[in-house]
Amino acid sequence: AAGRLPSVRLIGDLAVSAPEPGARLRLNGLLVEGTLVLDGPVALEVAHCTLVPGRALDNQGEPRSPDRDSLMVTAAGVQTPEVTITSSITGAIRLPDTTRQLTIRDSIVQAHEVGGIPRAAIAASDAGDEPGPPATLERVTLFGQVNVRELTLASEVIFTAPVIAQRRQAGCVRFSYVPAGSQTPRRFQCQPDLVLAGVTDPAEQARIRGRLVPTFTSERFGDPGYAQLRLSAALEIRAGAENGSEMGAFSALMQPQREANLRTRLEEYLPFGLEAALIYVT
């Protein structure tokens, strides 16, 4: 319903199965507290949904089950069709490399640490040692390691932990932040590579890497500024997308361009002697 948020609170996992190929499940505009399990050749489309990271929040706003996933596939030896996620927030995603394709756009994916041990955001296993399927990622913010069979495309993505593509002869990573220790196909206009080009001094390299690490208003789901880049974040990240917008899930907001346009109008129309301050909405 318009203006409302339909919510699904699961006691256990929601298992979706299909006896034969051709089945398709579409979720649109839902908040889901629980784990969605695909058991069989089921294509999945998730749009404008929140699959709560950690299944649900407790009274203190912390994840109730930080060790649980939002989406997983259990059908061994069966090729799962495409999984497509757009304009959504999800917890950890566990898909085997037999899944045909994972596509995520304009979304946030978060895996929580458990006992100080990080968990993978996208992989076939919690530890991230087993690769997930070929993936296309566009304008995505990922909290947690990524391990996939092939990175078909990663464009304007913020990886906060190393990303590993097993097959690196194909695919491309462009206009993205890629942490040290990552193993990816060819990169184009990525950070910190772009700023580090030509820098040979180890101390200067370390300084640059530290300056370019993306920082967020909050990394806790449920906070108003969740996954929002800080204004103090490096300009190379806040305006590092192909169109001059920011990298990550909020790239489509075009914040740098909107701010520049607003400042231009303020300078043009603000009465003499007055100054205006900009405050971003969280």
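Using the Cα atoms as the points, what is the convex hull volume per residue of the chain in Å³? List each step's numbers first, then the result.
On the way: hull volume 48.3 nm³, N = 282.
Output value, Cα hull per residue: 171 Å³.
Here the simple spin-label model places points 7 Å from the Cα toward Cβ, and for R100 and D201 these points are separated by 5.4 nm.
Contact order normalised by length for the range 153-225, with contacts defined as Cα pairs under 8 Å and 6 or more residues apart; what percent is it?
On the way: 100 pairs, mean separation 17.1, N = 73.
Value for the range 153-225: 23 percent.
I need S218, S176, S88 ordered by Cβ neighbour count within 10 Å, fewest first. List each step's numbers first, then the result.
Working: S218 14, S176 30, S88 23.
Sorted ascending by nearby Cβ count, the order is S218, S88, S176.
Rounded to the nearest angstrom and ordered from largest down, what semi-axes does the equivalent ellipsoid of the range 1-128 get from its C-alpha gyration tensor (root of 5λ)? Mind showing how you got there, number by number?
Values: eigenvalues 97, 70, 33 Å².
Over the Cα atoms of the range 1-128, the ellipsoid semi-axes are 22, 19, 13 Å.
Shown for H48, H112: other C-beta atoms within 10 Å of each C-beta, ranked fewest to most, produce the order H48, H112. Calculated mean residue ellipticity, 222 nm, the chain: -3500 deg cm²/dmol, from DSSP H runs (n ≥ 4) at -39500 (n - 2.57) each, averaged per residue and rounded to 500. Dipole size of the range 7-194 about its Cα centre, with +1 on Lys/Arg Cβ and -1 on Asp/Glu Cβ: approximately 440 debye, rounded to the nearest 20. What the phi angles of the range 93-107 give under the Karplus curve with 6.51, -1.76 and 1.60, with θ = phi - 60°, is a coupling list of 10, 10, 10, x, 6, 7, 5, 5, 6, 10, 10, 10, 9, 6, 9 Hz, glycine and proline written as x. Radius of gyration over Kirkwood radius for the range 173-282, both on Cα atoms: the Rg/Rh ratio is 1.05.
No lab work stands behind these numbers, since they all come straight from the coordinates. Owing to the predicted nature of the structure, the values given are computational and were not obtained by experimental measurement. Cβ coordinates were reconstructed from backbone atoms using ideal geometry, including for glycine residues, and neighbour counts include every protein chain displayed.
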